[in-house]
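Student: The structure is given below, and queries will be raised subsequently.
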Amino acid sequence: MPRTLRFDAVLVQAVIAGALSFAHLHDLAAAAGQDGWKAWAYPVSVDLLLVAAWRRMRADSGNRDAWLWFAIALVASLGANVATAGMLDMNNVPAWLRIVVAGWPALAFLGGTLLAHAHTPAPKPEPASAPMEHHDPEQVADLTVERAPEPAPELPPAEPVREEAEPELAPVAPAVSVPPALLDHARKIADAHQSQTGTPIDAATLRARLGVPSALADSIALQLA
């Protein structure tokens, strides 16, 4: 996917400022007796120290050494800009400035080394929750907690139970008419069953012996009872 170029005024301003500062440092180094490639190396050294100090400040804002070397590099850059703006005779540079320019490489090397090998603080760990204390069950005394008995809830008075007279069961009439011959045969079977077992015959046994439906067997059993 193609990327569209966007005009950034801040980036353009940074490029212009960097180019002017680079040129001023070069002119000052050349006026102080550093000719050829050495004059071009001075602005690179100043800008690299400035960037290294800025990065260290970003990583550790409380690092005083980073702030110190950032201020030194910034003063060197601003001093070159001011000196080349007509404040200094570039054809007759004072001796102290020549000494400062000549000693800058050693100073920049010292600052860059200290910044590169500075200790970076480790991020602070999040406070962990306190570990639960482990108690030995043998060392923990047995505690018996006695609870006071809770008062029983008051129940409403019970209503007197009304005694209802049990309805008298009316005699159940046989639902199915039984032929007399079948009833006599069933009575013989019931008598034989009672003489053998000592108990009256039930409707299920009677139905099995006679081979009649359940309703007819129930009617016969009611009449035999």
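The values are calculated or read from the model by the stated rules, or taken from the named source; none is laboratory data. This one's a predicted model, so the numbers in the text were calculated from it and none came from an experiment. Methodologically, a virtual Cβ is constructed for each residue, glycine included, from the backbone with ideal geometry; neighbour enumeration extends over all protein chains shown. For the accessible areas, the whole protein counts, side chains as well, though only heavy atoms, and no ligand, DNA or RNA atoms are used. Shrake-Rupley method; radii C 1.70, N 1.55, O 1.52, S 1.80 Å.
Student: Conditions first: (1) farther than 20 Å from Val82 by Cβ; (2) of a type outside the set (Gly, Ala, Ser); (3) open to solvent by less than 50 Å² (accessible area, probe 1.4 Å). Gln34 passes all but one, so which condition is the exception?
Tutor: (1)
Student: Can you run down the residue pairs with Cβ atoms below 9 Å, 6 or more apart or on separate chains, where the first is in the range 58-86 and touching a residue at least 40 places away in the same chain (Cβ under 8 Å) and the partner is among the small types (Gly, Ala, Ser) and open to solvent by 50 Å² or more (accessible area, probe 1.4 Å)?
Tutor: As it stands, the answer is Ala66/Ala59, since those pairs meet every condition given.
Student: Determine which single condition Arg58 fails, assuming it passes every other condition in (1) modelled with pLDDT of 90 or more; (2) more than 18 Å from Pro105 (Cα to Cα).
Tutor: (1)
Student: Could you check the range 40-56 and list, in sequence order, the residues that are among the aliphatic types (A, V, I, L, M) and open to solvent by less than 30 Å² (accessible area, probe 1.4 Å)?
Tutor: Residues satisfying the conditions are Val46, Leu49, Ala53.
Student: Further, regarding this structure: Looking at (1) at pLDDT below 85; (2) open to solvent by 80 Å² or more (accessible area, probe 1.4 Å), can you tell me which one Arg98 breaks?
Tutor: With respect to (1) at pLDDT below 85; (2) open to solvent by 80 Å² or more (accessible area, probe 1.4 Å), Arg98 is out only on (1).
Student: From the list Ala29, Ala19, Ala85, which residue is within 58 Å of the chain's Cα centre (by Cα) and in a helix (DSSP H, G or I)? Break it down stepwise before answering.
Tutor: Values: Ala29 fails: within 58 Å of the chain's Cα centre (by Cα); Ala85 fails: within 58 Å of the chain's Cα centre (by Cα).
So the residue among Ala29, Ala19, Ala85 that is within 58 Å of the chain's Cα centre (by Cα) and in a helix (DSSP H, G or I) is Ala19.
Student: It is to be established whether one or more residues within the range 7-16 are assigned to a helix (DSSP H, G or I) and either among the basic types (Lys, Arg) or open to solvent by less than 50 Å² (accessible area, probe 1.4 Å) (or both).
Tutor: Filtering the range 7-16 for residues assigned to a helix (DSSP H, G or I) gives 9-16.
Going one step further and asking which of them are either among the basic types (Lys, Arg) or open to solvent by less than 50 Å² (accessible area, probe 1.4 Å) (or both), we end up with none.
Within the range 7-16 (the criterion being assigned to a helix (DSSP H, G or I) and either among the basic types (Lys, Arg) or open to solvent by less than 50 Å² (accessible area, probe 1.4 Å) (or both)), the answer is no, since none of the residues qualifies.
Student: Out of curiosity, is Val10 over 30 Å from His117 (Cα atoms), among the hydrophobic types (A, V, I, L, M, F, W, C) and over 43 Å from the mean Cα position of the chain (by Cα)?
Tutor: Numbers: over 30 Å from His117 (Cα atoms): yes; among the hydrophobic types (A, V, I, L, M, F, W, C): yes; over 43 Å from the mean Cα position of the chain (by Cα): no.
Spelling it out, it is not the case that Val10 is over 30 Å from His117 (Cα atoms), among the hydrophobic types (A, V, I, L, M, F, W, C) and over 43 Å from the mean Cα position of the chain (by Cα).
Student: Which of the residues belonging to the range 66-85 are closer than 15 Å to Ala108 by Cβ and open to solvent by less than 90 Å² (accessible area, probe 1.4 Å)? So that I can check it myself, show each step before the final result.
Tutor: Pass one, the range 66-85, residues closer than 15 Å to Ala108 by Cβ: 66, 68-77, 79-80.
Scanning the range 66-85 gives Ala66, Trp69, Phe70, Ala71, Ile72, Ala73, Leu74, Ala76, Ser77, Gly79, Ala80.
Student: Name the residue, out of Asp60, Asp27, that is within 21 Å of Ala116 (Cα to Cα) and surrounded by 12 or more Cβ atoms within 10 Å (Cβ to Cβ).
Tutor: Numbers: Asp27 fails: within 21 Å of Ala116 (Cα to Cα).
Within the list Asp60, Asp27, the selection yields Asp60.
Student: What is the residue count in the range 86-95 for residues that are surrounded by 15 or more Cβ atoms within 10 Å (Cβ to Cβ) and more than 15 Å from Ala29 (Cα to Cα)?
Tutor: Step one: list which residues in the range 86-95 are surrounded by 15 or more Cβ atoms within 10 Å (Cβ to Cβ), which gives 88, 93.
In the following step, the residues that additionally are more than 15 Å from Ala29 (Cα to Cα) were identified as none.
The qualifying residues number 0.
Student: Scanning the range 69-84 for residues that are in contact with a helix residue (DSSP H, G or I) (Cβ under 8 Å, 6 or more places away or on another chain) and of a type in the set (A, V, I, L, M), which turns out farthest from Leu114 (Cα to Cα)?
Tutor: Among those residues, the one meeting the criterion is Ala83.
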